[in-house]
Amino acid sequence: MRIALAGNPNSGKTTLFNALTGRNEHVGNWAGVTVSKNVGALKSTFSKMHATIEIVDLPGAYSMSPYTSEESITRDFVKGEKPDVIINIVDATNLSRSLFFTTQLLELEIPVVIALNKSDLTAKKQNQIQVEKLSYALGCPIVETISTSGSNNGLDKLIEEAIKRQGEAQVAPFGAPGLSESNEFEAHTIDTKRYAFVKEVVGKFEVKAVASSSKNRQDAIDGVVAHKVLGIPIFLLVMWAVFSISQTYLGPFLADLFVGWIDQFYAFVAALLGESVSPVLSALLLDGIIGGVGLVVGFLPLIMVLFFLLALLEDSGYMSRVAVIMDRFFKKVGLSGKSIIPMVIGTGCSIPGVMATRTIKNERQRRTTAMLTPFMPCGAKLPVIALFAGVFFDNAGWVGTLMYFVGIAIIILGAFIVQRIAGEPSVRSYFIMELPEYRFPSVKRAFMQMLMQGKSFVVKAGTIILICNAAVHIMQSFTWQFQVVEEGLEATSILASLANPFAFVLIPLGFGAWQLAAAAITGFIAKENVVGTLAVVYGITNFIDTEALEVVSGTDSIAAVMGLTSVTALSYLMFNLFTPPCFAAIGAMNAEMESRAWLWGGIAFQFGMGYTVSFLVYQIGTLITTGSVGIGFIPGAVFVAVLVSLVLYMMQRNKRSLVANQATA
Amino acid sequence: MADFIVIAVIAVLISLASYKLWRDKQNGVKCAGCPQAPKSGKPSDSCGCQIK
């Protein structure tokens, strides 16, 4: 038996899905979190049937109109795969909006059961819904549910009703005889009549205790948080607080303890190996694998604290307000208001962020968003940020915050450029998004999210990072003739010879060392590799506690070992953050853009932007701190000037083309 | 003898990592450790990270 969960965005479908199946799909307190369907088996505690009952969680939809293609996954599934029963999750706090979609579901001739969700919130507001009368009017059973509650949540009764309904007929309460949805004008007429029907039903069976026109506490908070002037500084403050707690205070405190255990394990294995093992093999296992992976994993506490705080923010409903704040800027540069959603998702991982662009109807806006989403620092970039913030800026919280804001600035600039190159500046899009109510964030949900991200981080460290570190160490230890590299002659290694051509290109950015180039290159496999590779090439096993470093390198300063100043460190950080993230993200861009020209253009744009930002930071920073420009200023400036000229030429060419089209029209 | 043991340990670690990456790829997951990766061995289109 197959049961589909359908309903408006943010009605509680995924929370209900997790409760019914025992899965832990990501739940965000804003619309657009689920972009593909999730499938799971109903927990046996809910069903005494022997056959497996499959639950399908569909992305939220406000309508199944054929003229809203972004909701096609839900429409195609329900119409094409014909589930046995549909559970329509209706938000009890927003009945009139929810029932529009309900009336469409009831016309599909598939039995429907309504889960009247968030019943607790309705009760708190002292609103009353005459459930039995509403059920009779709609022609389907209604079960009151609270999907966030562990007990007494109505889910048992909901499943019981769904199983009873299997095979039953479903009569639609609303009809528009003589009109057809295949005609756009008639479809609009049908929608108008449908709204009128829903309004009549809600008017009869819902009694609200508070007039919706009166301003409540939620509106008062939004008046400040989503204010067109105050919104940005408040967002800045919130992100600074998040990064300060995770990178400056709590995070490093926990990381110190954790790294201590890793160091003990390292010492244990080193003692076990002793003098009886070949130095090359010993170094590969200790420095390459344990040291490299251990160093990346050492940032785990910082990452987990950060994800915990971000999950709390998301669950509170604040992230939707961020979408509203950013929307004002995005619309002015030709982006869809929906573009903010993939970018917010992209702060976790660029790949689902890029894939979330499929909900954007306009092709140019979708491709632009897919190209720009990777500029948001993702979870994989956090160890890189944490490393540089810790080593060069005394764990300052402003480093991480700055990276996010630079990312947003680059996105806005990038969107402006793309609009001038490939679009029509006069065309604007409009975006309507439902703002969920503020709520006290669930510590349990944030904790689960933190554990999930932490597990993902550890698995990634134990797989791709382990393999990369081992490969880097081997390439660093041997020459092309497979001779062991002698001490002091690391530049003769395989790794150095591969990285040197790239290092030459990076001289104008302030970090022309082959070690840094090698780390940046391995970062395209997985961004965390930057940290792991730096550890291997510099022989650093601990970026957090540097007391042991002096024994190996003669200095307790990692900056001195790496040969970087604060300015060049910031430049290197920006290069790694704002060039293409990883090959998997490029693959996601390829899948969503469906155009070679856009894909290669996007990659070139990302490289160009990362190089330019890094160049400007290094050269201007060096000018300010030393009074003169840095090494490689002239060739770097020439290269950047060529890039800028090319962009300006393409913008001008598009402008001439638009003018010519208007003249002939 | 000690050298062979260390080589074996390194080979096992790399093999396990490679196997995990291969199994994820078979399940259609492109990123090792993706929190949305399907738990079972069956391919699933429920993973938001899958690239088709």
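The values are calculated or read from the model by the stated rules, or taken from the named source; none is laboratory data. This one's a predicted model, so the numbers in the text were calculated from it and none came from an experiment. Glycine gets a Cβ as well: all are built from the backbone with ideal geometry, and neighbour counts include every protein chain shown. In case anyone asks, the SASA skips ligands and DNA or RNA and just uses the protein heavy atoms, side chains included. Shrake-Rupley method; radii C 1.70, N 1.55, O 1.52, S 1.80 Å.
Quickly run through the stretch A:487-512 and pick out the residues that are at pLDDT below 90 and among the small types (Gly, Ala, Ser).
A:GLY488, A:ALA491, A:GLY512
Within the stretch A:301-319, count every residue that is open to solvent by less than 20 Å² (accessible area, probe 1.4 Å) and aliphatic (A, V, I, L, M).
Final tally of qualifying residues: 5.
So which residues in the stretch A:235-280 are farther than 18 Å from A:VAL297 by Cα and open to solvent by less than 30 Å² (accessible area, probe 1.4 Å), if there are any at all?
A:PHE235, A:MET239, A:VAL242, A:PHE243, A:SER244, A:LEU273, A:VAL277
A:VAL484 is checked against (1) within 34 Å of the chain's Cα centre (by Cα); (2) modelled with pLDDT of 85 or more and fails just one. What number does that condition carry?
A:VAL484 satisfies all of (1) within 34 Å of the chain's Cα centre (by Cα); (2) modelled with pLDDT of 85 or more except (1).
Find the residue count for the stretch A:583-630, including only residues that are surrounded by 18 or more Cβ atoms within 10 Å (Cβ to Cβ) and either touching an Asp or Glu at 6+ places or on another chain (Cβ under 7 Å) or within 15 Å of A:GLY414 (Cα to Cα) (or both).
12
With the requirement that a residue be under 27 Å from the mean Cα position of the chain (by Cα) and part of a helix (DSSP H, G or I), what does the stretch A:519-535 give you?
Answer for the stretch A:519-535, where residues must be under 27 Å from the mean Cα position of the chain (by Cα) and part of a helix (DSSP H, G or I): A:ALA519, A:ALA520, A:ILE521, A:THR522, A:ASN529, A:VAL530, A:VAL531, A:GLY532, A:THR533, A:LEU534.
Counting just the residues of the stretch A:93-129 that are over 35 Å from the mean Cα position of the chain (by Cα) and modelled with pLDDT under 85, which one comes out farthest from A:GLU161 (Cα to Cα)?
Here the residue is A:GLN126.
Of the residues that make up the stretch A:373-380, is at least one in contact with a Phe, Trp or Tyr (Cβ under 9 Å, 6 or more places away or on another chain), over 23 Å from A:ALA584 (Cα atoms) and of a type in the set (Gly, Ala, Ser)?
Within the stretch A:373-380, not a single residue is in contact with a Phe, Trp or Tyr (Cβ under 9 Å, 6 or more places away or on another chain), over 23 Å from A:ALA584 (Cα atoms) and of a type in the set (Gly, Ala, Ser).
Applying the selection to the stretch A:495-518, what residues are small (Gly, Ala, Ser), open to solvent by less than 10 Å² (accessible area, probe 1.4 Å) and in contact (Cβ under 8 Å) with a residue 24 or more places away in the chain?
A:ALA518
Taking A:LEU272, is it in a helix (DSSP H, G or I), within 12 Å of chain B (Cβ to nearest Cβ) and farther than 23 Å from B:ALA17 by Cα?
Spelling it out, A:LEU272 is indeed in a helix (DSSP H, G or I), within 12 Å of chain B (Cβ to nearest Cβ) and farther than 23 Å from B:ALA17 by Cα.
Out of the stretch A:456-485, which residues are closer than 19 Å to A:ALA518 by Cβ, out of contact with any Pro (no Cβ under 9 Å at 6 or more places or on another chain), among the β-branched types (Val, Ile, Thr) and more than 7 Å from chain B (Cβ to nearest Cβ)?
A:ILE465, A:VAL472, A:ILE474, A:THR479, A:VAL485
What helices (runs of 4 or more DSSP H), lying completely within the stretch A:309-372, carry at least 3 residues that are within 21 Å of A:TRP600 (Cβ to Cβ)?
Of the helices (runs of 4 or more DSSP H) lying wholly inside the stretch A:309-372, those with at least 3 residues that are within 21 Å of A:TRP600 (Cβ to Cβ) span A:350-355, A:363-372.
Does A:ILE521 meet the test of being open to solvent by 30 Å² or more (accessible area, probe 1.4 Å) and within 14 Å of chain B (Cβ to nearest Cβ)?
no
Which condition from (1) modelled with pLDDT under 55; (2) facing chain A (nearest Cβ under 8 Å); (3) in contact with a Lys or Arg (Cβ under 8 Å, 6 or more places away or on another chain) is the one that B:LYS52 breaks?
The one condition B:LYS52 does not meet is (3).
Assess whether A:ARG328 counts as being surrounded by fewer than 22 Cβ atoms within 10 Å (Cβ to Cβ), within 14 Å of chain B (Cβ to nearest Cβ) and touching a residue at least 60 places away in the same chain (Cβ under 8 Å).
no
Quick one: in the stretch A:337-374, which of the residues that are of a type in the set (S, T, N, Q), over 8 Å from the mean Cα position of the chain (by Cα) and open to solvent by less than 30 Å² (accessible area, probe 1.4 Å) is nearest to A:SER595 (Cα to Cα)?
Checking each candidate, the answer is A:THR368.
When only residues in the stretch A:386-404 that are open to solvent by 10 Å² or more (accessible area, probe 1.4 Å) and either farther than 14 Å from A:LEU573 by Cα or not in a helix (DSSP H, G or I) (or both) count, which is modelled with the lowest pLDDT?
This residue is A:ASN395.
What tally of residues in the stretch A:223-234 results from selecting those that are exposed (fewer than 15 other Cβ atoms within 10 Å of the Cβ) and part of a helix (DSSP H, G or I)?
Qualifying residue count, the stretch A:223-234: 3.
For A:PRO383, state whether it is within 14 Å of chain B (Cβ to nearest Cβ), modelled with pLDDT of 90 or more, open to solvent by less than 40 Å² (accessible area, probe 1.4 Å) and in a helix (DSSP H, G or I).
Spelling it out, it is not the case that A:PRO383 is within 14 Å of chain B (Cβ to nearest Cβ), modelled with pLDDT of 90 or more, open to solvent by less than 40 Å² (accessible area, probe 1.4 Å) and in a helix (DSSP H, G or I).
From A:GLU144, A:GLU132, which residue is surrounded by fewer than 19 Cβ atoms within 10 Å (Cβ to Cβ) and at pLDDT 80 or above? If you could, list the steps in order and put the result at the bottom.
On the way: A:GLU144 fails: surrounded by fewer than 19 Cβ atoms within 10 Å (Cβ to Cβ).
Exactly one of A:GLU144, A:GLU132 is surrounded by fewer than 19 Cβ atoms within 10 Å (Cβ to Cβ) and at pLDDT 80 or above, namely A:GLU132.
Report, ordered by the first and then the second residue, all pairs with beta carbons closer than 6 Å, sequence separation of six or more or different chains, a first member in the stretch B:1-28 that is over 17 Å from A:ILE465 (Cα atoms) and within 8 Å of chain A (Cβ to nearest Cβ), and a second member that is open to solvent by less than 60 Å² (accessible area, probe 1.4 Å) and in a helix (DSSP H, G or I).
B:ASP3/A:LEU281; B:VAL6/A:LEU281; B:VAL6/A:LEU285
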